[in-house]
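No lab work stands behind these numbers, since they all come straight from the coordinates. A quick note: this is a predicted structure, and the numbers were derived from the prediction, not measured. Cβ placement follows ideal geometry from the backbone for every residue including glycine, while neighbour counts extend to all protein chains displayed.
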Amino acid sequence: MNSIKRLLASVTAVVAVMASAVSCDSGKTSEDSIEEETQHATEPATKNPADIRGQHIVWLADFDLNPEEGENRSTALALFEDVYGAKIDFVLTQPEEKYEKLDSMVISGDEVDMFPYEPGAVPDGVSRDRFEALDPYYEMLGMNEGIWNDMNNIIDKLAYKGSHYVVPYDVSDPSVLIYSRNIINEQELGDDPYKLYLDGKWDWDAFISIMENYVSKAPEGKKRYGICGDIGSSLLSSTGQTVVGFDGSSLVNNISDPSIEKAGQLMEEIASKKLYDSDWKDGFPGDKTSLFYSGGSWSLSVSNGNNPNSDLMVVPFPKPSGMDSYSIPCILNARMLVKNSAKGAAVATYIKCERVAASREDYKSAAKELALTEKKISDEKTNFITEEQYDALESYKEVFKSKPVIDIAYGMGERMYGNGDYSYETRGVMDNLTTAVLEGKIGTWSELRDAWSDVIDSEVSRFN
């Protein structure tokens, strides 16, 4: 799990005590009902509309939701156990084997109720009869209690053929560019990109200009780049468009959309000007070979630890020049109800507990406090996140919630989104669209588009 997601999943025991308790009057449809759930730590949950006391749901995953020995429960688990009287039983599977394990358990009749969400859940996982819709359990989810209001845009985006298989309880890990303000100032590169973002001026033109300026000032004999990391997917998302259009029931090949075309041409420009360093790095490069590191915010704490005196900051990928608003991709946090599970009400209730933990201000404050706690890695290194960075990341999540850009192409199976042993000929379409031009595997975006458009058409037809 990424760092912020990990923080939200390990809130301290003090917060768990605040959260534990129990008087659940589901007849109330406001935040008052949630307040009542968190007041009395010893009363039985007698008013739950679906009494799940004593139930154990089987969680199949490569990570446990229960705490390890000596660790504290997450707020969500404390609510689930203390308010609703239910438990989670963990079945371990390796990441690369989890779908095979899920299918074999379902086929053999072994109990399995809840599974991690990944983009491949919809539509591919649904089409393979792996998951059940959550619509029958909306009361248990608390959908009418006001706690889901800021997630409704996202939930509606993920409806598939009239049903909701994915109900994300939160978003995390916004895709960002990490850079050093010290370098910006030392190299006299102009305005701070974060200030440009706040002023609405952080666009593709400004992005290219500052990278070119940085590269042009390289000392003799030193190679510099404008950016490294995973940039292609965020660049496409910055247009506000998706490779596969989706209205909840029908899919359409959107590869020729003018905005997507311009993003592809920007990749050409970045590649032709040699602004992109394709060598893999796990965080901001302290050797100053690249001005920006592009990736998920999970890498920020480590980047700070590796560069404690660099005054690092995070900014989203710039918007297309001339566009009014930003589009910032995030990770969706959700749990899936497994096909044929007899514990749908319990799984939905656990998802509600995750939502309560993610949405209540007291829990969010505790999560922030924990996120800002420095983590000593060794005598020489301490990982950390500053309050300014944390607040910026939270604001980017709100941008995504108000304008979610979710490309269903990532959920359409191996042909659309698979690594294919990292071969251009065999890997998924989306990996090629976001890397092939940048890495010089094909010359132009138009060539790339034409090479893979028929495959997209074929896969769209398969799911429609």
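For the reader, a short list of remarks on this structure follows.
- The slack between Gln265 and Thr382, meaning 0.36 nm per residue of separation minus the straight C-alpha distance, is 38.1 nm.
- With the simple model of a label 7 Å out from the Cα in the direction of the Cβ, Glu425 to Asp457 spans 2.3 nm.
- Considering only beta bridges that DSSP places wholly inside the chain, some 60 percent are antiparallel.
- For the range 400-453, a simple Cβ point-charge model (Lys and Arg +1, Asp and Glu -1, everything else neutral) yields a dipole of about 320 debye relative to the Cα centre.
- One Cα centroid belongs to the range 115-132, the other to the range 55-111; the line between them spans 17 Å.
- Over the chain, volume per residue of the alpha carbon convex hull, in Å³: 149
- The distance between label points at Asp247 and Glu414 comes to 3.3 nm (points 7 Å beyond Cα on the Cα→Cβ vector).
- If you wrap the tightest convex hull around every Cα atom of the range 156-204 and split its volume per residue, you get 128 Å³.
- Label sites at Ser216 and Arg53, each approximated as a point 7 angstrom past Cα along Cα to Cβ, lie 7.3 nm apart.
- Three-way shape label, the range 212-307, alpha-carbon gyration tensor, a/c 1.5: oblate
- In the range 247-341, chymotrypsin sites (Phe, Trp or Tyr not before Pro) in a DSSP loop with at most 14 other beta-carbon atoms within 10 Å: Trp280
- Anchor Lys368: lysines whose Cα lies under 20 Å away (excluding residues fewer than 8 positions away in-chain): Lys5, Lys376, Lys397, Lys401
- The calculated 222 nm mean residue ellipticity attributable to helices in the chain amounts to -10500 deg cm²/dmol, summing -39500 (n - 2.57) over DSSP H runs of n ≥ 4 and dividing by all residues.
- Global form of the range 55-108, assessed from the alpha-carbon gyration tensor, a/c cut-off 1.5: oblate
- When the C-alpha to C-alpha distance is required to be over 24 Å, the pairs from Lys201/Lys381; Lys339/Lys364; Lys274/Lys319; Lys98/Lys343 that qualify are Lys201/Lys381; Lys339/Lys364.
- Summing Cβ point charges (Lys, Arg +1; Asp, Glu -1) relative to the Cα centre of the range 356-433 gives a dipole of roughly 260 debye.
- Multiplying each eigenvalue of the alpha-carbon gyration tensor of the range 235-286 by 5 and taking the square root yields semi-axes of 29, 15, 8 Å, largest first, rounded to whole angstroms.
- Cα gyration tensor shape for the range 245-373, rounded if a/c is under 1.5, else prolate or oblate: oblate
- Fully extending the segment from Tyr138 to Lys441, taken as 0.36 nm per residue of separation minus the present Cα-Cα distance, adds 104.3 nm.
- In a simple Cβ point-charge model (Lys, Arg +1; Asp, Glu -1; nothing else charged), the chain has a dipole of about 420 debye relative to its Cα centre.
- Quotient of the Cα radius of gyration of the range 354-406 and 2.2 N^0.38 Å, N being its number of residues: 1.40.
- Added length on full extension, which subtracts the Cα-Cα distance from 0.36 nm per residue, Trp280 to Glu374: 31.2 nm
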